Amino acid sequence: MKTSITVEPETLAPFFAVLVDRIERGSQDAIHELQLHFLRGIRYLLARHLGRDRADYLAQNVMADVVDAIQNGEVRDPEHLPAFVQTTVRHTIALALDYLPSQPASTPVPREDVASAKRILRSLPARDREILVRFYSQEQPPEKICREMGVSAVEFLLIKKRARDKFVRPSTGEKNI
């Protein structure tokens, strides 16, 4: 059953201010409301530029980026949350269109990179490390990992995003290892 939230235009600014405040305080319900309000539009924009096959995956990444930014206090004007979300979508599209692998998959990974990756993994909290190993190495589905480890889908995405940020410099897209 889908639920939708209808908000009158004159109440949007206070609605976004309250929503951001609730997310900053860790409300999972507020994160769910954020998804209800923005996810459909995010998917549409991503599908329009990148195709439907990549839109769902990248939409979840955009949501994780937005939630992470809110929780870190990076959204300075909560009333302009839609503009922040749209900018995040545009950056995601730009990165996706410009993405070229730095080395072919068949090229062996240099030893220095392997050592750096192990160092970064060891620096993560044990729970995050286990989630990443189960997802990337053991190829377990996110639903199973979330259920067995007691984390929400949003928490799962945030853990992946934070780990990705440690491995890749977000500003340049260069490897951090």
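The values are calculated or read from the model by the stated rules, or taken from the named source; none is laboratory data. These numbers come from a predicted model, not from an experiment. For neighbour counting, all protein chains shown are included, and Cβ atoms are generated from backbone atoms with ideal geometry for every residue, glycine included.
A few comments on the model shown:
- Summed over region 66-91, the residues that are closer than 16 Å to residue 165 by Cα, among the small types (Gly, Ala, Ser) and more than 12 Å from the chain's Cα centre (by Cα) give a count of 0.
- Within region 135-153, considering residues that are modelled with pLDDT of 85 or more and in a helix (DSSP H, G or I), the one surrounded by the most Cβ atoms within 10 Å (Cβ to Cβ): 145
- Out of 7, 20, one residue alone is β-branched (Val, Ile, Thr) and at pLDDT 90 or above. It is 20.
- Within the option set 76, 43, being at pLDDT 85 or above, surrounded by 18 or more Cβ atoms within 10 Å (Cβ to Cβ) and not assigned by TED's automatic domain parsing to the domain that holds residue 141 holds for one residue only, 43.
- Unique match (being modelled with pLDDT of 85 or more and either surrounded by 12 or more Cβ atoms within 10 Å (Cβ to Cβ) or over 24 Å from residue 92 (Cα atoms) (or both)) among 129, 162: 129
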